[in-house]
Each structure stands twice: as C-alpha cells, then as structure tokens.
Amino acid sequence: ITVAMANVFRDQDNFEKSREFFEKAIELQPENIGLLMNYANTLVVFGHSDEAETHLRKALSLDPSNTRTIRALANVGVGLDDKNFADIIEAAQKQDNLSVEDAMHLHFALGSILTKQKKYPEAFAHIEDGNYARRNQYRYNFNRDTQVFSLLTKQFEKTPNVKFDYDEAPIGAKPIFVLGMMRSGTTMTEQVISGHDKVSPR
C-alpha cells in the first residue's frame with residue numbers, strides 16, 4: 001500500500017509526497033531491489049539523478065548480476081571510467097547461460113555509456129544489438145492479431161449504441177483504434193486525430 005501511494009503521488013507530479021512514501025517503504029524493506037529501482041526511477045524523473053545513483057548502487061550491491069540495475073546506472077551517468085562498474089559489466093557479460101533479456105540490458109547500458117563518451121559508432125553497434133535482442137523477445141504473429149481485431153470489429157458492429165464514459169456520444173459514433181509498436185508514434189497520431197472537432201479523445 002505504501003509503494004502504491006508513492007506511485008500515485010508520482011503520477012500526480014507530487015514529488016515530495018511520493019518521496020515521503022518511498023522512504024517509508026524503504027524503511028520497511030531496505031533490501032528490496034525492485035523498490036530501490038522504482039524509487040530511483042522516480043528520482044530521475046524529477047531530476048534527482050545523484051540520489052537515484054545512490055539507491056541504484058545499493059540495489060547493485062545486493063545483486064551485482066542484475067542487468068536491469070546495471071542499465072539503470074548507465075542511464076544516470078555511471079560510466080566505464082568507473083573501474084568497479086566496468087568490472088561488474090564484464091562479469092555480467094560472462095555469466096553462463098546469459099538470457100536474451102540480460103544481453104539486451106547490457107547492450108543498452110554500454111550504448112548509453114559510449115554515447116556519453118561520444119564514441120558513437122561503438123554506441124550504435126550496442127544499441128543495434130540491444131534492439132535485435134529486444135525484438136527476439138516479442139513473438140509477434142500478424143495473423144493472430146488480424147483475427148483478434150476482426151473479432152473486435154464484429155463486436156462493435158453488433159453494438160451500435162456504444163456508451164462513452166467521457167461524453168454522450170451522438171448516434172452513429174464509432175470508436176477509432178490507433179495501433180502500433182511501442183515508441184512508434186501512436187500517441188502523437190491519437191493527439192492529431194483528437195484535434196478534429198468531431199473526434200473525442202478517450
């Protein structure tokens with residue numbers, strides 16, 4: 001409940017209240033890696049990267065092979081010039097049976113570090129490898145999705161008086177679905193479409 005409250009205040013842009021609840025949660029579970037990372041991410045969002053680094057380093061000390069933490073530390077500015085951190089990345093890369101997800105996080109971590117060092121060709125190579133690893137995590141099936149949206153379309157055709165909770169929809173109003181991969185521009189497309197005076201955004 002305490003963490004949930006911290007997240008609620010974070011989403012409401014109330015940093016001080018969010019911090020208050022995160023600190024209470026950490027008092028209760030000081031070695032909870034997920035909690036430490038959640039708080040660190042919140043600190044980054046509100047521009048407190050130095051504090052975030054402190055919590056991420058604590059999380060990494062609890063589990064030096066946690067590639068999510070390694071990536072998060074790289075994103076807040078910890079680099080290969082930090083000998084200890086460089087050794088941690090090297091050790092993580094040498095893990096037996098390194099999963100695709102772990103490899104992805106390590107590639108993105110190195111991509112972030114090398115970008116900050118302005119070693120762009122090397123950074124791009126790691127970011128590209130990270131994206132290939134991420135792609136392998138998704139088992140996308142075009143035919144399956146086509147069937148799902150065909151069923152959705154038929155369902156809405158059977159329900160002409162669709163109820164909208166934000167406004168009383170005029171007769172004949174139809175929903176618009178904006179679909180796409182993550183970070184592909186779906187939010188921007190929705191905002192453009194919603195700018196029309198006959199379209200109500202959800």
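For the structure I just gave you, tell me whether Ala133 is modelled with pLDDT of 80 or more, closer than 17 Å to Arg71 by Cβ and out of contact with any Gly (no Cβ under 7 Å at 6 or more places or on another chain).
On the way: modelled with pLDDT of 80 or more: yes; closer than 17 Å to Arg71 by Cβ: yes; out of contact with any Gly (no Cβ under 7 Å at 6 or more places or on another chain): yes.
Taking the combined requirement at face value, the residue satisfies it.
Would you pick out the residues in region 129-152 that are part of a loop (DSSP other than H, G, I, E, B) and among the hydroxyl-bearing types (Ser, Thr, Tyr)?
Of region 129-152, the ones part of a loop (DSSP other than H, G, I, E, B) are 138-141.
Within region 129-152, Tyr138, Tyr140 qualify.
Just a yes or no: is a residue in region 53-66 β-branched (Val, Ile, Thr), open to solvent by 50 Å² or more (accessible area, probe 1.4 Å) and more than 21 Å from Ile89 (Cα to Cα)? Step through it out loud before you land on a result.
Of the residues in region 53-66, the ones β-branched (Val, Ile, Thr) are 54.
Those still in the list that are open to solvent by 50 Å² or more (accessible area, probe 1.4 Å) too: 54.
Add one more test, that the residue is more than 21 Å from Ile89 (Cα to Cα), and what stays is none.
No, because not a single residue in region 53-66 is β-branched (Val, Ile, Thr), open to solvent by 50 Å² or more (accessible area, probe 1.4 Å) and more than 21 Å from Ile89 (Cα to Cα).
Taking the stated definitions as given, is Glu31 open to solvent by 30 Å² or more (accessible area, probe 1.4 Å) and outside any loop (DSSP other than H, G, I, E, B)? Please lay out each step first, then the result.
Numbers: open to solvent by 30 Å² or more (accessible area, probe 1.4 Å): yes; outside any loop (DSSP other than H, G, I, E, B): no.
Judged against the criteria, Glu31 is not a match.
Would you check which residues across region 178-202 are among the charged types (D, E, K, R) and loosely packed, with under 10 Cβ neighbours inside 10 Å and list them? Break it down into steps so the answer makes sense when it comes.
Pass one, region 178-202, residues among the charged types (D, E, K, R): 183, 190, 197-198, 202.
Answer for region 178-202, where residues must be among the charged types (D, E, K, R) and loosely packed, with under 10 Cβ neighbours inside 10 Å: Arg183, Asp197, Lys198.
Please verify whether Ala133 is among the hydrophobic types (A, V, I, L, M, F, W, C), touching a residue at least 40 places away in the same chain (Cβ under 8 Å) and surrounded by 14 or more Cβ atoms within 10 Å (Cβ to Cβ), treating the condition exactly as stated. Steps first, answer last, please.
On the way: among the hydrophobic types (A, V, I, L, M, F, W, C): yes; touching a residue at least 40 places away in the same chain (Cβ under 8 Å): no; surrounded by 14 or more Cβ atoms within 10 Å (Cβ to Cβ): yes.
No: the conditions fail for Ala133.
Restricting attention to region 34-48, does a residue exist that is among the aliphatic types (A, V, I, L, M), without any contact (Cβ under 8 Å) to a residue 60 or more places away in the chain, assigned to a helix (DSSP H, G or I) and more than 27 Å from Gln137 (Cα to Cα)? Don't jump to the end; show me each part of the working.
Of the residues in region 34-48, the ones among the aliphatic types (A, V, I, L, M) are 35-37, 40, 43-45.
Remaining after also requiring without any contact (Cβ under 8 Å) to a residue 60 or more places away in the chain: 35-37, 40, 43-45.
Add one more test, that the residue is assigned to a helix (DSSP H, G or I), and what stays is 35-37, 40, 43-45.
Now drop any that are not more than 27 Å from Gln137 (Cα to Cα), which leaves 43.
So far as region 34-48 goes, yes, one or more of its residues are among the aliphatic types (A, V, I, L, M), without any contact (Cβ under 8 Å) to a residue 60 or more places away in the chain, assigned to a helix (DSSP H, G or I) and more than 27 Å from Gln137 (Cα to Cα).
Within region 75-120, count every residue that is open to solvent by 70 Å² or more (accessible area, probe 1.4 Å) and within 16 Å of Ser61 (Cα to Cα). Give the derivation first.
So in region 75-120, the residues open to solvent by 70 Å² or more (accessible area, probe 1.4 Å) come out as 75, 81, 83-84, 90, 93-94, 96-97, 100, 116, 118-120.
From what is left, the residues that are within 16 Å of Ser61 (Cα to Cα) are 83-84, 90.
Here the count works out to 3.
Answer yes or no as to whether Ala6 is open to solvent by less than 40 Å² (accessible area, probe 1.4 Å) and touching a Ser or Thr at 6+ places or on another chain (Cβ under 8 Å). Walk me through how you get there before you give the answer.
Numbers: open to solvent by less than 40 Å² (accessible area, probe 1.4 Å): yes; touching a Ser or Thr at 6+ places or on another chain (Cβ under 8 Å): yes.
Here the answer is yes, as Ala6 does meet what is asked.
Hey, Val162 hits all of (1) at pLDDT 80 or above; (2) hydrophobic (A, V, I, L, M, F, W, C); (3) more than 18 Å from the chain's Cα centre (by Cα) but one; which does it fall short on?
Condition not satisfied by Val162: (1).
The values are calculated or read from the model by the stated rules, or taken from the named source; none is laboratory data. None of the values given here were measured: they were computed from a predicted structure. Backbone-built Cβ (ideal geometry, glycine too); neighbour counts: all protein chains shown. Just so you know, the surface numbers come from the protein's heavy atoms only, side chains and all, with ligands and any DNA or RNA stripped out. Shrake-Rupley method; radii C 1.70, N 1.55, O 1.52, S 1.80 Å.
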